[in-house]
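Take a look at the structure below.
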Amino acid sequence: MKISVCSNYDPKQTKDYNNARVANGWELREFDWNKQTVIKLTTEFGVSGNEYSDGHKTAGSWVTTHAIMLDFDDGEMTKEKLLELQQEWDFDSYVFSSQNHQRKKIKDDKVEPPRDRLRVLIPLAEPIRSEFDRTAVEQWIEDQFPGGEMRDVG
């Protein structure tokens, strides 16, 4: 599986710390798709299913998508629901929690209660190389997973 990792990501720091540093430093690498490797990737690295032409994570530098990462932050998708859905899929996937899973957040001066914030990593047999295909996949995801979004799409 090919996936981009960010050399500027520090797993021991907060999301706020990392968000200010991960726009740059992305490099596409090859990894084996196995449980141990995927756990290491999702807990120790900043990861993106996209390849960027210059290591800068912007829409203008998007080259291709090698893996889809779904993002469920609205709290509607619980880990139990997502794991149940995963059992029905005909493709490989890995479900994991985000760095802010079950943390209180302040939004518009209001404290939001803790909730599930989940990710799904889906390796692709063939990469998405065109904007047309990328848009079609995004639409399919929106139709299949209301409240979810394709993460890091460029």
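Computed from the coordinates by the stated procedures, all read-outs in this text should not be read as laboratory data. Values in this document were obtained by computation on a predicted structure and should not be read as measured data. We place every Cβ from the backbone using ideal geometry, glycine too, and count neighbours over all the protein chains shown.
For the reader, a short list of remarks on this structure follows.
- Calculated from backbone phi, Karplus (6.51, -1.76, 1.60) coupling profile of the stretch 90-97 in Hz, x at Gly/Pro: 9, 9, 5, 6, 9, 9, 8, 8
- Kirkwood estimate for the stretch 2-150, i.e. one over the average of 1/r between Cα atoms, Å: 16.3 Å
- Neighbour-count order for Tyr17, Tyr52, Tyr94, fewest beta carbons within 10 angstrom listed first: Tyr17, Tyr94, Tyr52
- Note on the chain: helix-only mean residue ellipticity at 222 nm, from DSSP H runs of 4+ residues weighted -39500 (n - 2.57) and normalised by residue number, equals -7000 deg cm²/dmol.
- Counted residue by residue at 0.36 nm each, then reduced by the alpha carbon distance between them, the extension gain from Gln87 to Ala20 reaches 20.5 nm.
- Annotation for Asp54 and Gln13: the two label points, set 7 Å from Cα along the Cα-Cβ direction, are 2.3 nm apart.
- Spatial extent of the stretch 4-67: Rg and Dmax, with the Cα atoms as the point set, Å: 11.7, 33
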